[in-house]
Structures are given as C-alpha cells and as structure tokens.
1. Probe 1.4 Å, all protein chains in place: accessible area of residue 39 in Å², nearest 10?
2. Once fully extended, how much extra length lies between residue 47 and residue 12, figured as 0.36 nm per residue of separation less the alpha-carbon to alpha-carbon distance?
3. Could you work out the local net charge near residue 3, counting Lys and Arg as +1, Asp and Glu as -1, over the other residues with Cβ closer than 10 Å to its Cβ?
4. Given the DSSP H assignment, sum -39500 (n - 2.57) over each helix run of at least 4 residues in the chain and divide by its residue total; what's the result at 222 nm in deg cm²/dmol, nearest 500?
5. From zero up to wherever the largest Cα-Cα distance of the chain sits, split into 5 Å bins and tell me the percent of pairs in each.
6. On a 0 to 90° scale, report how tilted helix 29-84 is relative to the longest principal axis of the chain, with both axes built from alpha carbons and the result rounded to the nearest 10.
7. Rolling a 1.4 angstrom probe over the protein chains, ignoring ligands and nucleic acids, what is the accessible area of residue 43 in square angstrom, nearest 10?
8. Can you sort 82, 68 by solvent-accessible area, 1.4 Å probe, largest first?
Amino acid sequence: MADEIHTTRDPDGTTHTTTVIDREPRRGGGIGVGLIVLVAIVIAAFFAFQFLANDKTETGAITEAAQKVGDGAQDVGDAAQKAVD
C-alpha cells in the first residue's frame with residue numbers, strides 16, 4: 001500500500017492537492033452472494049418438498065376413494081349375482 005500526494009500550483013498562486021490512496025481490493029463479497037444463493041436454494045427446496053408432500057396426500061386420498069368405489073361396485077355385483085341364484 002502506497003499513498004501518493006500530488007500538489008499542483010496554478011500561475012495565480014492557488015494550489016490543489018490530490019491524495020491517491022492505494023488499497024488492496026476487498027475480498028469476501030463472494031461469500032455474501034454465496035450465502036444469499038444458499039438461502040434461496042434452501043427456501044426453494046422447502047417449498048418444493050411441501051408441494052410434493054401435498055401432491056402425495058392428494059393422490060393417496062383419490063386412490064383410496066377409487067378403491068372404495070370399486071369395492072362398492074363389487075358388493076353390488078355380488079348381491080346381484082346372489083339375487084339371480
């Protein structure tokens with residue numbers, strides 16, 4: 001790190017001082033961005049798993065209802081068969 005001070009003098013006698021401060025570039029900005037991306041991925045995964053769990057529950061309920069309708073139809077068919085016999 002080297003600081004430079006430049007002084008210039010105009011013909012009318014006024015001076016202008018410019019200071020140049022040489023600093024190393026800051027590092028670590030990628031860590032903040034990485035954390036934000038990681039949090040976004042975790043939130044997206046949470047909502048995705050919630051959606052999949054709801055979809056499985058809905059599918060299970062529909063399957064169970066269809067099974068009950070099929071069992072009811074089988075019972076009606078058995079009763080009809082007994083009535084014929």
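1. Surface open to solvent at residue 39 totals about 80 Å².
2. Numbers: separation 35, 0.36 × 35 = 12.60 nm, distance 7.05 nm.
In short, 5.5 nm is gained.
3. Values: positive: 23; negative: 4, 22.
Summing Lys and Arg as +1 and Asp and Glu as -1 gives -1.
4. Working: 1 runs with 56 residues, N = 85.
Estimated from H runs of four or more residues: -25000 deg cm²/dmol.
5. Here the calculated profile for the chain is 3, 10, 6, 7, 6, 6, 6, 5, 5, 5, 5, 4, 4, 4, 3, 3, 3, 3, 2, 2, 2, 2, 1, 1, 0, 0.
6. 10
7. Per-residue accessible area (residue 43): approximately 90 Å².
8. Details: 82 160, 68 130 Å².
Largest to smallest exposure gives the sequence 82, 68.
The values are calculated or read from the model by the stated rules, or taken from the named source; none is laboratory data. Predicted model only: the values in this text are computed from it and were never measured. Note that we place each Cβ from the backbone using ideal geometry, even for glycine, and neighbour counts take in every protein chain shown. Remember, those area values only see protein heavy atoms, side chains included, never the ligands or the DNA or RNA. Shrake-Rupley method; radii C 1.70, N 1.55, O 1.52, S 1.80 Å.
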